[in-house]
Amino acid sequence: KSDSDTYTCDIGDTQSRAKLVVQEMPVLFKHELQNEEAKEGKQVKLTCELSKPNTPVKWMKGDTVLYASEKYEFKQRGTVAELIIRDVKSIDS
């Protein structure tokens, strides 16, 4: 998408111009999140894989947006996004 722009071929006194519009492909899940079970006090890692690398990801619990903290850690490498939940409790279900 960032390549969209007007391009020019200049040969001195004459120019030719063309506009390039790149249509962005939608991001899809290659591997979706999987249900997990864990014992209280343990750490859980939820992982998904996207079709496009380095896509911004927003993690949520129900309708609440999660933020990095001692409880939650986010990792993203290429197309893989991970949420690590530390010291899980029953309220984390």
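The values are calculated or read from the model by the stated rules, or taken from the named source; none is laboratory data. On a predicted model such as this, the values are computed, not experimentally measured, just so you know. Quick reminder, even Gly has a Cβ in these numbers, built from the backbone with ideal geometry, and neighbours come from all protein chains shown. Only protein heavy atoms, including side chains, enter the accessible area calculation; ligands, DNA and RNA are left aside. Shrake-Rupley method; radii C 1.70, N 1.55, O 1.52, S 1.80 Å.
Figure legend. Inter-residue proximity from the stretch 71-88: first residues acidic (Asp, Glu), second residues part of a loop (DSSP other than H, G, I, E, B) and surrounded by 14 or more Cβ atoms within 10 Å (Cβ to Cβ), beta-carbon distance below 9 Å, spacing 6+ or different chains. Indicated pairs: 73/86; 87/71. Taking the criterion of being modelled with pLDDT under 95 and among the β-branched types (Val, Ile, Thr), the only residue of the stretch 35-56 that qualifies is 55. The listed residues are 18, 81, and the only one of them that is within 30 Å of residue 6 (Cβ to Cβ), part of a strand (DSSP E or B) and either among the aliphatic types (A, V, I, L, M) or open to solvent by 50 Å² or more (accessible area, probe 1.4 Å) (or both) turns out to be 18. Considered as a group, the residues in the stretch 35-49 that are surrounded by 10 or more Cβ atoms within 10 Å (Cβ to Cβ) and not aliphatic (A, V, I, L, M) include one that is farthest from the chain's Cα centre (by Cα), and that residue is 42. Tell me, please, whether a residue that is loosely packed, with under 11 Cβ neighbours inside 10 Å, touching a residue at least 24 places away in the same chain (Cβ under 8 Å), small (Gly, Ala, Ser) and in a loop (DSSP other than H, G, I, E, B) can be found in the stretch 50-57. No, the stretch 50-57 has no match at all. Note on the stretch 22-34: residues that are open to solvent by 100 Å² or more (accessible area, probe 1.4 Å) and either at pLDDT below 95 or part of a loop (DSSP other than H, G, I, E, B) (or both) total 6.
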